[in-house]
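Report on the structure given below.
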Amino acid sequence: MDSREGDGALPTPYPPAVGDLIWLTDRFTGSGAVYRVLERQWMHAGYGSMSWRAGTAAPAEGPMLEIVVEAAGGLFLDEVDGGEPQ
């Protein structure tokens with residue numbers, strides 16, 4: 001099993017939910033693939049922390065979202081790249 005740890009941005013209007021298929025691109029090689037979201041974890045700033053100073057109305061930074069993904073071939077079982085159906 002290939003396990004990699006990454007850190008980066010995922011520009012999207014809504015964070016992916018567990019079970020969603022998302023396209024991720026490697027910022028170093030430029031290659032990309034489809035992945036299925038297995039788990040996600042939200043971490044919110046606590047009042048009085050470095051991100052949300054006591055006496056302020058809101059945190060300076062939004063919540064951090066971590067997602068765990070696995071490679072996914074696509075939505076359809078036995079999907080074939082290119083070619084004509086037989």
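What follows is calculated from the coordinates using simple rules that are stated; it is not laboratory data. Nothing here was measured: the structure is a model prediction, and the numbers come from that model.
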What does the extension gain come out to for Glu70 and Ala54, with contour length at 0.36 nm per residue minus their alpha carbon separation?
1.8 nm
Apply the Karplus curve 6.51 cos²θ - 1.76 cosθ + 1.60, θ = phi - 60°, to the phi angles in the range 24-37 and return the couplings in whole Hz, x for Gly and Pro.
10, 10, 6, 5, 8, 9, x, 7, x, 7, 8, 10, 9, 6
